[in-house]
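Pasting a structure here, questions to come.
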Amino acid sequence: MAVGVAAEVKSKLTVLEVVGEVVQLKKAGTTYKGLCPFHGEKTASFVVTPARDTWHCFGCGEGGDIFSFVMKHEGLTFPDALKKLAAKAGIEIDERTTREDAHKGRLREVLENAIAFYHVVLTQSKVGAPALEYLHERGFTDETIERFQLGWAPDGWDQMIKMLQSRRNVTLPELAEVGLTSPRSGGRGGAYDKFRARIIFPIRDAAGAAVGIGGRILPAAKGQGSTGAAGTAAPHATQDGGAPKYLNSPATALFDKSRTLYLIERARGEMRRRDEAVLVEGYTDALMAHQAGFENVVASLGTALTPAQVAVITRYAKSIVLAYDVDPAGQHAGSIGGAELFKLIGALAAEETGIEITNVRVARLPEGKDPDEVILATPDLWREAVRTAQPIVEFLIDYYATASDVRTAKGKSQAVAALVPLLREIRDPVVRDSYLQALGRRTGVDERVLLEALHSPSSAGGSMGSGGRTTDGAGSARAAGTASRFTADAIMSSPDAIDTRAELRALTREEARLLRYLLLVPEQQERVADSLRAQGASLPSTPARELFAAMLEDREKDREAGGPGRFERGRFLDSLPAELHGLAIALYAERGPDPNELAGERVSIGVDQCLLALEADRLKAQMEYISAELTEAEAAGDPVAKAALLETNRNLYEALKSLGRRREDSSLLTSSAPAARSGGHR
């Protein structure tokens, strides 16, 4: 990533320009107002402040800079938002990244060509007629087939290869790189089509770009395999001679199955509007849902749900409904995925991750019925099943109580062992107690016994860790920390030395001061996280938020390894994406007093001064908003609203004065605190 790209983007694009493309803004004093695009509102509470290059919604509390706006609105990561805005600003990313992006663009073009070929075969050829008839029999309309570009891969060794080579100048290495071919065996050279005699489902990312494909054999063909010209079994047949029902693209530069959700490009808008994602298992389930108008549905590509897929969902929605097939395999997938999701809720709530899940539920469908069958036959039944979906803990209690046969002592023990670790994750004691009672009723185990199991250290499981592991982890972390210490001079003399001033222009002055403290004196990191969380606040600039989140994530890595949650510089820097690495180095290398040489008290006061300054800026922004509201109330002749706003403004003014006094007191403490550190703070 080019030096200081984030700062350069901010210098060329105004927040008014970026936000104004999405939100209709009206000038209100020194700010601009509009309806928030992230939550439904009839009275404008969304404010853009050009002087600060920030936006904030006083209704839902969201806010930030141009990067956070694009990330929130389009569901992008920071690197992707940065690239998008850099392109808009006419700023070139470094040559290596440009080459990589161009190469991926070519690979997507190859995939699009293949998708178009398969679609033509399905819809315009005799070869595809049986597959088209099958899709019609399943209830899919021509409009759906066209809209989602479904296709048919003909049953031949290399028909797709020949067509794309001759008509689209696609090469064999390109086809192999996107996972469309496999090399011939026996050292004969050449390649054959990986997808043959299969219905094709194009797979796209959230932006709508092709990343892979999925293929499904026709029911009549299952178990028969596919044959080549010589009549031998196709190479992709299973050992018993039967072709797998579904075949997905292999892992490629574009496709990672564990990070992909089918139809996310179509579902993301409705997921955001409803703040809910409905998750099904297969392609046809998701397709039928969208055909019927249930557009917040995505599919997990037939696999157990992964944390990366959950991360994609949480860009758009905080509530998840699992609607896996209700057969033994479907229930097993739903229960395992659900348990992991439930654990994740507690983990996200305990950390400053920026990701949130509010609830997970399970939709119960008629036994033996797949989601696509229910949606096609009785869409109202599907709608009601999603609306009344069962909370995940209730579902898991029912599932394990049934699967373990709680009529036996062994079954009771198995069910309790499976569920007690999940109940420990519930922070609210009232909610936990109600589920404990439900578990007692379903298993027949006395509640006192369940309470004993709940609080028993011996049944805590791996998630709780152990004293021995923690001690060992701390020792290794200390050794690693000692070995990885370095100075600003060492950083700036490295081949990757950067223009510090250019990088730091991406941050506000107070953010830069605070982050430098947190990098050089990492003991302050979790205290600052707690303070920001208590205020319901975050850092103003997206690069600052991302860097701080990476610091906390590094601590979590140490905990996962059995350590005490220690921050380790080398590991932290190695984990950073290019978009943040230069900024972190710039903060380490920034000239000025080294906090490590100051007394601990003085460092804490310095950190507090930064937090107070950021809080003061938030109060000033709120006062500007109230001032604009007052102007409108006066123009409308609304004395009641005017009186309420004046009272709010007085309260904000008093809070700002109080904050000013605290900042003065903090400055006095700084001057009186000892300058030198007393002992090893690190």
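Condition check: surrounded by 21 or more Cβ atoms within 10 Å (Cβ to Cβ), within 18 Å of the chain's Cα centre (by Cα) and either more than 18 Å from Glu615 (Cα to Cα) or touching a residue at least 40 places away in the same chain (Cβ under 8 Å) (or both). Does Leu539 satisfy that? Steps first, please.
Working: surrounded by 21 or more Cβ atoms within 10 Å (Cβ to Cβ): yes; within 18 Å of the chain's Cα centre (by Cα): no; either more than 18 Å from Glu615 (Cα to Cα) or touching a residue at least 40 places away in the same chain (Cβ under 8 Å) (or both): yes.
When the stated conditions are applied, Leu539 does not pass them.
Taking strands (runs of 3 or more DSSP E) that fall entirely within the stretch 1-68, which contain at least 2 residues that are touching a helix residue (DSSP H, G or I) at 6+ places or on another chain (Cβ under 7 Å), of a type in the set (Val, Ile, Thr) and in contact (Cβ under 8 Å) with a residue 24 or more places away in the chain?
On the way: elements: 26-28, 31-34, 46-49, 54-57.
Per the criteria, 46-49.
Take Arg478 and decide whether it is assigned by TED's automatic domain parsing to the domain that holds Phe572, within 22 Å of Gly563 (Cβ to Cβ) and either modelled with pLDDT of 85 or more or basic (Lys, Arg) (or both).
Values: assigned by TED's automatic domain parsing to the domain that holds Phe572: yes; within 22 Å of Gly563 (Cβ to Cβ): yes; either modelled with pLDDT of 85 or more or basic (Lys, Arg) (or both): yes.
Yes, satisfied.
Filter the stretch 434-445 down to the residues that are out of contact with any helix residue (DSSP H, G or I) (no Cβ under 7 Å at 6 or more places or on another chain) and among the charged types (D, E, K, R) and list them by number.
Going through the stretch 434-445, the residues out of contact with any helix residue (DSSP H, G or I) (no Cβ under 7 Å at 6 or more places or on another chain) turn out to be 434, 441.
The answer is Arg441, and nothing else.
OK, next. Restricting attention to the stretch 434-448, and to residues there that are closer than 15 Å to Gly411 by Cα and loosely packed, with under 15 Cβ neighbours inside 10 Å, which single residue is nearest to the chain's Cα centre (by Cα)?
Going through the stretch 434-448, the residues closer than 15 Å to Gly411 by Cα turn out to be 439-446.
Then keep just the ones that are loosely packed, with under 15 Cβ neighbours inside 10 Å; that gives 441, 444, 446.
Working: Arg441: 37, Gly444: 40, Asp446: 41 Å.
Here the answer is Arg441.
Quick check on the stretch 381-433: of everything there that is more than 31 Å from the chain's Cα centre (by Cα) and loosely packed, with under 14 Cβ neighbours inside 10 Å, which residue is nearest to Thr358 (Cα to Cα)?
Here the answer is Thr402.
On to the next question. Ser658 - would you say it is loosely packed, with under 13 Cβ neighbours inside 10 Å, within 39 Å of the chain's Cα centre (by Cα) and either at pLDDT 60 or above or closer than 25 Å to Gly536 by Cβ (or both)?
Values: loosely packed, with under 13 Cβ neighbours inside 10 Å: yes; within 39 Å of the chain's Cα centre (by Cα): yes; either at pLDDT 60 or above or closer than 25 Å to Gly536 by Cβ (or both): yes.
When the stated conditions are applied, Ser658 passes them.
Check the stretch 560-580 and report whether any residue there is outside the structural domain of Pro79 (by TED's automatic domain parsing), modelled with pLDDT of 90 or more, hydrophobic (A, V, I, L, M, F, W, C) and farther than 30 Å from Leu656 by Cα.
Yes.
List every residue pair whose Cβ atoms lie under 6 Å apart, where the two residues are 6 or more positions apart in sequence or sit on different chains, the first residue falls within the stretch 622-638 and is not assigned by TED's automatic domain parsing to the domain that holds Leu25, and the second residue, located anywhere, is part of a helix (DSSP H, G or I) and of a type in the set (Val, Ile, Thr).
Ile626/Thr648
Those residues that are modelled with pLDDT under 90 and of a type outside the set (Ser, Thr, Tyr), I need them from the stretch 170-190; list them, please.
If the condition is that a residue be modelled with pLDDT under 90 and of a type outside the set (Ser, Thr, Tyr), then Pro183, Arg184, Gly186, Gly187, Arg188, Gly189, Gly190 are the ones that fit.
So, in the stretch 117-158, how many residues would count as being outside any loop (DSSP other than H, G, I, E, B) and crowded, with 17+ Cβ neighbours inside 10 Å?
From the stretch 117-158, those outside any loop (DSSP other than H, G, I, E, B) are 117-124, 129-137, 142-147, 151-153; that's our starting set.
Of the ones still in play, those that are also crowded, with 17+ Cβ neighbours inside 10 Å are 117-119, 121-123, 131-132, 135, 145, 151-153.
Result for the stretch 117-158: 13.
The values are calculated or read from the model by the stated rules, or taken from the named source; none is laboratory data. Please read these numbers as outputs of a predicted model, since none were measured by experiment. So basically every Cβ, Gly included, is an ideal-geometry build from the backbone, and we count neighbours across all protein chains shown.
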